[in-house]
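What follows is one structure encoded as structure tokens, with my remarks underneath.
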Amino acid sequence: KQEVTQIPAALSVPEGENLVLNCSFTDSAIYNLQWFRQDPGKGLTSLLLIQSSQREQTSGRLNASLDKSSGRSTLYIAASQPGDSATYLCAVVNDYKLSFGAGTTVTVRA
Amino acid sequence: DAGVIQSPRHEVTEMGQEVTLRCKPISGHDYLFWYRQTMMRGLELLIYFNNNVPIDDSGMPEDRFSAKMPNASFSTLKIQPSEPRDSAVYFCASSLVGQEAFFGQGTRLTVV
């Protein structure tokens with residue numbers, strides 16, 4: 001069974017600082033990996049999808065890397081803003097199913 | 001496309017009552033997933049469908065839970081009878097194979 005771990009569970013940074021969010025998984029035979037954002041009381045918003053054959057994916061201030069062999073992905077958010085405050089979830093796809101980590105709750109202080 | 005649409009957004013029901021949650025996936029998507037989110041257990045996959053056929057229901061907690069997908073544009077998750085421990089946010093998601101999964105806004109279920 002795929003186990004997904006996200007560290008740290010919570011993070012507080014001043015505005016402008018770069019964010020580094022970590023995700024690790026136990027089964028490296030993944031199909032792809034997806035990062036989501038969840039605001040309190042809301043649904044999940046897809047941020048980035050990395051296919052298993054890719055090493056990284058970028059979208060604006062967001063960059064996600066994937067190292068399948070070591071079972072790790074990292075989400076970088078450059079020049080954080082208060083609007084980036086949310087919970088960030090990593091999901092790994094095996095056999096078409098998404099397995100989620102518990103998330104990292106980010107607070108960006110103005 | 002309006003995205004994945006779930007209804008109702010909130011449901012409060014009494015223990016023992018039947019609850020039906022509804023989902024309309026994104027048109028053209030061939031995978032549909034039902035997840036449950038709680039503070040204690042995070043996001044758990046309950047069941048998923050491919051081309052309207054249930055593929056894996058190993059996450060369905062008990063026989064009180066059932067899910068159907070009668071056509072490509074509609075799915076239901078039913079709980080009968082409901083119990084207080086079923087209180088959670090239930091999400092529906094859809095995707096094309098190998099592509100991004102898109103989630104609905106969820107149904108917040110409270111069983112009193």
How many residues are closer than 14 Å to B:SER27 by Cα and more than 7 Å from chain A (Cβ to nearest Cβ) if we restrict to the stretch B:100-112?
-> 0
Considering only the stretch A:84-110, state which residues are outside any strand (DSSP E or B) and within 12 Å of chain B (Cβ to nearest Cβ).
-> A:ASP95, A:TYR96, A:GLY101, A:ALA102, A:GLY103
What number of residues in the stretch A:58-83 are part of a loop (DSSP other than H, G, I, E, B) and either in contact with a Lys or Arg (Cβ under 9 Å, 6 or more places away or on another chain) or surrounded by 15 or more Cβ atoms within 10 Å (Cβ to Cβ) (or both)?
-> 6
Segments classed as strands (runs of 3 or more DSSP E), wholly inside the stretch B:5-112, with at least 3 members that are closer than 25 Å to A:LEU47 by Cβ and not charged (D, E, K, R) | B:31-38, B:42-50, B:88-95
Exactly one condition in (1) of a type outside the set (Val, Ile, Thr); (2) touching a Lys or Arg at 6+ places or on another chain (Cβ under 6 Å); (3) free of Cβ contacts under 8 Å to residues at least 60 places away in the same chain is not met by B:ARG85; state its number.
-> (2)
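All of the numbers you see were taken from the coordinates with simple rules; none came from a lab. Note that the coordinates shown come from a computational prediction; the quantities given were computed from them, not determined experimentally. Ideal geometry is used to build each Cβ from the backbone, glycine not excepted, and the neighbour counts take in all protein chains shown.
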